[in-house]
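Asks: Pasting a structure below so you can have a look.
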Amino acid sequence: MIQPQPIFWERGIATDTPAPPLVDPTLVEQEEQPLVALYRRYGPIFRLPQSGNELARIILAGPEVNVFVARHEDDFFTTREQWEAFDAHMSREVSSVTKARDGAANRQRRATSSRNWSRARILDQIPQMIEITQAATAEWQPGASIDVHASMRRLVAEQLGRLLLGASPGGYLDDFLTFLNITLVNTFPTSKETGERFDSVAYTRARSRVREFGRLAYEAHLRHPQPNGKPDMLDEAITQAAEHPEALDTTRLSMVVLGPMLAGLDTVANSLCFALYALLSNPEVCQRVQAEVDAAFRTGPLTWEKLKSMPDLHGAMMETLRRYPVASGHHVLVAHPLTVAGFRLSPGDRVNIAMTVPHFLEELYPDPMRFDINRFREPRNEHRKPGAYAPFGLGDHTCLGAGIAEVQLMVTIATLLHSFALELDPPTYRLVVAHHPTPVPGNNFRIKVGELSDEKLPVCHARPESTGGKEAEPLCSRRDRHAGSECGAAVSHLPGNDKCTASIQLRVAGCHRHSLCSDEPDQSCAPAAYQPACRDCAAWDRDRPPDFICQQRSQTFAGSRCLLRRGSRPGLVDLLVLSQTTDLLCLAPLQDEF
């Protein structure tokens, strides 16, 4: 195992200690990883010129730097000033979080918050995560071209909202993205300008809408606590507020919803985009991962125990985070003088700790630009070399939600590969990384949905003719489109059942014999005949689509249209709210007779 040499450092600065060398970035502007090339040329510390009159920013890079920062960051650096403006715009004041960004206060804050962000919080919700993924991709028909970034954002937002907050963001997703992105680019000095400012109409509207969503979610939790059957983040915040009302008022409670969105929305969504690109552009690797995933689904529901025994899937997740890191730098200010590798760092100096530079060093990762999912297995274990792997940060500033993100990535990738035949669209697409403001696949990254092979098409017992009357496969845990059926039926299969007890959701007129109203119902599917009252959801109004229906699941579907179908039990009806903005289904049981 290659061991990086410890970096030379000492407290204080001698009078003759020079400043780090000022580099010429034009020398590496053609490099795919320019900071890696500068590290090779200048070593672990150098200054990078900035645009305009801004002072050059100091770069610290390399595995030896990662080891040093993980151990000594709180001794010499501070992040408080970097976050102060951001925290102030989030809460309209310098919050207690700002004061707890460094040192012992930061460690205490992390210890208090760690349970909220623990992987254990969602391990028993893996089946729900699969259902959310299936619902978010229910309209992916063979031949369709999918905007990957937009789709992954919607999918991850639903996962975070429903699993961690018990509330679906639905039509508020764009408001969350606008609010968070404008706040980031206007409060962090290294962010690129987007033209939108805090006084813009877009920001004002987005902030108001985010607050509205937080208020609705908060009020829904007061009426119906624990919508997931156990306390979620909002439930726990409400309990904490009851015990310490001076610390959390109603306004701050309603803003709890920002935490999961800020921490995970773009990071997980962008990582999913990169994972899909990496797998689809490496067919042999993709086939290995897909075979492992299909084998796992054939033996029953996906669980954490199964995920831990899937080395190809786990390797694909870790290699995505190495090869396409979405958080490449950690910005700090020097708080106390020190000398690093013979160069001075003075209080007030702005420093970028380029923590993912080691991801692309050949001495740590042979052929580093190659997507290689075997790097993380015995005997290689390339990521275990000191300072080599830092996709979620370093030391006491490592992302608290890293475990949740890893589960989301593995479960979502597994579900997508098991449910669809996917390919790049066009097949010759080559990735360009853009920044909005975090790294994301650019130049219109799309995938095409292909036809599943015959051996992967399950049969629905409710309507076997949809697949030619073939025998049902055991453990039919998929959600597939049967392209050969006369109605283009979408068949929903329940994970873990030894038989497919699916219902068919038909979307065309003339399918009234399956008891579902379509967008253009015929006479036997007249909307006037279906106006039951729902005891769990808001009453259905045929003349005005509900603005907040399905209180049971705390989902907001503004401007949605209501569809009804016969329920799985005799004499019951299910109300389906089909969102026009998210294409997701909200099912809630109605107790009135059909």
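Asks: On the first, second and third principal axes, largest extent first, how far apart are the outermost C-alpha atoms of segment 261-325 in Å?
Replies: Principal extents (Cα only, largest first): 35, 27, 14 Å.
Asks: Would you mind getting me the FRET efficiency between HIS224 and HIS336? Use the beta-carbon distance for r and R0 = 56 Å, nearest 0.05.
Replies: Efficiency at R0 = 56 Å is approximately 0.65.
Asks: If you don't mind, another one. Spin-label point model (7 Å from Cα, Cβ direction): what's the ARG71 to HIS435 distance in nm?
Replies: Result for the modelled spin labels: 3.1 nm.
Asks: Looking at the square roots a ≥ b ≥ c of the eigenvalues of the Cα gyration tensor of segment 135-250, which shape do they give, rounded for a/c under 1.5, prolate if a/b is larger than b/c, or oblate?
Replies: Oblate is the answer for segment 135-250, as a/c is 1.5 or above yet b/c matches or exceeds a/b.
Asks: How far, in nm, would the chain grow between ASN374 and ASP124 when pulled straight, counting 0.36 nm per residue and subtracting the alpha carbon separation?
Replies: 87.2 nm
Asks: Turning to a different aspect of this structure: Hey, got the dipole for segment 273-325? About the Cα centre, +1 on K and R Cβ, -1 on D and E Cβ, debye to the nearest 20?
Replies: 100
Asks: Given N residues in segment 196-294, what is Rg(Cα) / (2.2 N^0.38 Å)?
Replies: Compactness ratio reported: 1.56.
Asks: Shifting gears a bit: Rank ALA335, VAL293, ALA316 by how far each Cα sits towards the positive end of the charge dipole of segment 291-339 (+1 on Lys, Arg Cβ; -1 on Asp, Glu Cβ) and give me just the farthest.
Replies: Going by the Cα projections, it comes out as ALA335.
Asks: Could you work out how far apart the two model spin labels at SER114 and ASN53 are, taking each label as a point 7 Å from the Cα in the direction of the beta carbon, and quote it in nm?
Replies: Label-label distance for SER114 and ASN53, simple model: 4.7 nm.
Asks: How about segment 322-406: which trypsin sites (Lys or Arg not before Pro) there are in a DSSP loop, with at most 11 other Cβ atoms within 10 Å of their Cβ?
Replies: Here the trypsin sites (Lys or Arg not before Pro) that fit, given the DSSP loop and packing criteria, are ARG370.
Asks: Now for a separate question. Along the Cα→Cβ direction, 7 angstrom out, place labels at THR239 and ARG205. What is the inter-label distance in nm?
Replies: The answer from the label model is 3.9 nm.
Values in this text are rule-based calculations from the coordinates and carry no lab data. As the structure is a prediction and not an experimental result, all values here were calculated from the model. Because the Cβ atoms are built from the backbone with ideal geometry, glycine has one as well, and the counts that use them run over all protein chains shown.
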